[in-house]
Amino acid sequence: GEEACAGNQKKPTMSEVEDTLQRVKAQAGVEGYVICNKLGTVLRRFPSMSQELAENYADNVKHLAWKARGVVRDMNPHNDLQYLRIRAKRHEIMVAFDKEFLVIVIQRWTPAGSS
């Protein structure tokens, strides 16, 4: 069946996800995170992040991630996007991509020697 084709990758449990979020929150420089489903609906967000900002990240990054996935698959149909990293002037946005969810982490980024 379809499950056999998915391989034997074990889906993380909610408690494993919660543990990961606790570690992410403790990292220096992390300014936010958003977990959304593939439709861009925010499921979890960094406690101090507004719902509006979380939805903005979810919506914009969702489009970019699906576009990037399309590029990866166009280049090799047997490949798939797992991770996307975007560096802007002051932030780095890291996106873990899954067929059901996106995990978006926003962290402060300071170029070496500019502190």
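Modelled label-to-label distance, Y83 and V17, 7 Å Cα→beta-carbon offset: nm?
So the label points at Y83 and V17 sit 2.0 nm apart.
Holding the Cα-Cα limit at 19 Å, pick out from K38/K62; K62/K99; K25/K62 the pairs that are longer than that. Before the final figure, lay out the partial values.
Working: K38/K62 7 Å; K62/K99 11 Å; K25/K62 22 Å.
The answer is K25/K62.
What accessible area per residue, rounded to a whole number of Å², is obtained for the stretch 46-107 using a probe radius of 1.4 Å?
Working: 4140 Å² over 62 residues.
In whole numbers, the stretch 46-107 has 67 Å² accessible per residue.
What spacing in nm lies between the two simple spin-label points modelled at M49 and F101, each 7 Å away from Cα in the Cβ direction?
1.3 nm
Restrict the search to the stretch 9-115; then list the GluC sites (Glu not before Pro) that DSSP places in a loop and that have at most 11 other Cβ atoms within 10 Å of their Cβ.
Values: sites: E16, E18, E31, E52, E55, E92, E100; in loops: E100.
Listed in order of number, the matching sites are E100.
Normalised by the residues of the stretch 41-115, what does the relative contact order come to in percent, with Cα pairs under 8 Å and at least six apart? Please report the intermediate quantities before stating the final value.
Working: 72 pairs, mean separation 14.3, N = 75.
Contact order relative to length: 19 percent.
Which value in nm describes the separation of the simple spin-label points at K67 and A28, placed 7 Å from the Cα toward the beta carbon?
So the label points at K67 and A28 sit 3.4 nm apart.
The values are calculated or read from the model by the stated rules, or taken from the named source; none is laboratory data. Owing to the predicted nature of the structure, the values given are computational and were not obtained by experimental measurement. Note that we place each Cβ from the backbone using ideal geometry, even for glycine, and neighbour counts take in every protein chain shown. Keep in mind that these areas ignore ligands, DNA and RNA; they rest on the heavy atoms of the full protein, side chains included. Shrake-Rupley method; radii C 1.70, N 1.55, O 1.52, S 1.80 Å.
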